[in-house]
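The values are calculated or read from the model by the stated rules, or taken from the named source; none is laboratory data. Fair warning: this is a prediction, and the values are worked out from it, not measured in the lab. With ideal geometry, Cβ positions are generated from the backbone for all residues, glycine too; neighbour counts draw on all protein chains shown. Quick note on the areas: whole protein, heavy atoms, side chains included, nothing else; ligands and nucleic acids left out. Shrake-Rupley method; radii C 1.70, N 1.55, O 1.52, S 1.80 Å.
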Amino acid sequence: QVQLVESGGGLVQPGGSLRLSCAASGSIISIYVMGWYRQAPGNQRELVARVTSGGSTNYAEFVKGRFTISRDNAKNTVYLQMNSMKPEDTAVYYCNMGGVVVTGRGRADFVSWGQGTQVTVSS
C-alpha cells in the first residue's frame, strides 16, 4: 500500500499564496504521475494539475499562470504552489499518485489518494 500525506492548506486572502505538499510512503518502485485535484461543495472533483515522471505538466485552464506543480522524485513528494488566489479556488485539495509498488508477488500498479486538505480563500 502507498500512503499519501498532504500538508499546507489553510486560510488565505484573495491575491495571496499557499503551497501544498504531498509525500508518499510505502514500498514504491516508481511513481509515473503525481497530481492535484480539488472538490468544492456541490461540485465534482476536478483536475488542477499533474506532472509525469519525465517532468511533463498539464494544468486546468482556471489555474494556468497562477499555480505551479513540481515534484521531488528523491522524496516521492509533489508540491502545488498557488499564487494570485481567488475565492473560487476554495475547495478541498486532494493529492493523487500512480505508479508501481513491490508486493509479495513481485510488483503491482497502484493509484492512491490523499486525505484532502482544506483551502479557503476569503477576506
Practice task
Return yes or no: is T68 free of Cβ contacts under 8 Å to residues at least 60 places away in the same chain, surrounded by 15 or more Cβ atoms within 10 Å (Cβ to Cβ) and of a type outside the set (D, E, K, R)?
Solution key: yes
Practice task
Please verify whether the stretch 48-65 includes one or more residues that are surrounded by fewer than 17 Cβ atoms within 10 Å (Cβ to Cβ) and among the β-branched types (V, I, T).
Solution key: yes
Fill in the blank from the handout: Going through the stretch 22-47 in order, the residues found to be buried (at least 17 other Cβ atoms within 10 Å of the Cβ) and within 14 Å of V119 (Cβ to Cβ) are C22, W36, Y37, R38
Problem - Set A91, A108: member being of a type in the set (G, A, S) and in contact with a Lys or Arg (Cβ under 6 Å, 6 or more places away or on another chain) - result: A91
Fill in the blank from the handout: Scanning the stretch 81-117 residue by residue, those part of a loop (DSSP other than H, G, I, E, B), open to solvent by 20 Å² or more (accessible area, probe 1.4 Å) and hydrophobic (A, V, I, L, M, F, W, C) turn out to be none
